[in-house]
1. Condition first: closer than 17 Å to residue 104 by Cβ and surrounded by fewer than 20 Cβ atoms within 10 Å (Cβ to Cβ). Now tell me which residues in region 16-69 satisfy that.
2. Regarding residue 81, is this residue surrounded by fewer than 17 Cβ atoms within 10 Å (Cβ to Cβ) and in contact (Cβ under 8 Å) with a residue 40 or more places away in the chain?
3. Tell me, yes or no, whether region 113-133 has at least one residue that is of a type in the set (Lys, Arg) and modelled with pLDDT of 90 or more.
4. Is there any pair linking a residue in region 42-65 that is closer than 27 Å to residue 11 by Cβ and acidic (Asp, Glu) to one that is open to solvent by less than 60 Å² (accessible area, probe 1.4 Å) and assigned to a loop (DSSP other than H, G, I, E, B), with Cβ under 6 Å and at least six apart or on different chains, and which?
5. Which condition breaks for residue 100 when tested against (1) farther than 15 Å from residue 2 by Cβ; (2) open to solvent by less than 40 Å² (accessible area, probe 1.4 Å); (3) in contact with a Ser or Thr (Cβ under 6 Å, 6 or more places away or on another chain)?
6. Taking the condition of being touching a Lys or Arg at 6+ places or on another chain (Cβ under 9 Å), free of Cβ contacts under 8 Å to residues at least 60 places away in the same chain and among the aliphatic types (A, V, I, L, M), how many residues in region 87-115 meet it?
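The values are calculated or read from the model by the stated rules, or taken from the named source; none is laboratory data. What you see is a predicted model; the values in this text were computed from it and never measured. When we count neighbours, we look across all protein chains shown, and the Cβ atoms used for this are built from the backbone with ideal geometry, even at glycine. Note: areas computed on protein heavy atoms with side chains; ligands, DNA, RNA excluded. Shrake-Rupley method; radii C 1.70, N 1.55, O 1.52, S 1.80 Å.
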Amino acid sequence: MTTVAEVMTRDVRTMRPEDSVVDAARCMDELNVGVIPVCEGDRLVGIVTDRDIVVRGVAQHGEVRSMKIADVMSAHVRCAREQDQVEKVLSEMAEAQIRRVPVVDGDQRIVGIVSLGDIAAKNPDDEIDVAMSLGDISSPAEPDRSEAGAQSQSQLQSQH
């Protein structure tokens, strides 16, 4: 059985909650990634994705240039540990419909990140598990049918 430590990416770039959303987007572009762990010191406090920037920043009519990462990041983050079995992490990723998971130690210090791509590239034996997880992750989620979601949808339609 393969552990997360065997497939994860180490020495990941992190940002701070008070850094700007624009800087996070630039960093993602520079690194060609869609996620940046957010840390205070070396302790993980959240994660920001390209989707967070669009959905929580741009789509909410925010002034993105003045936004901080703390304004759009996800503070409750699913994490993995280096000793976790890849199969277990793949299952959790599929269930949560996420493609990447930060790897932390016992003190919530970030030690890396593991993605579906890492697992597929570094452990071909998990090819079927990766494919199944990707299928689960890619399944459409239910649309936001709340009143706020309906208002946002009608605002978008009236703008076109």
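1. Result: 16, 17, 40, 41, 42, 43, 45.
2. yes
3. no
4. 50/34
5. Just one mismatch for residue 100, condition (2).
6. Here the count works out to 4.
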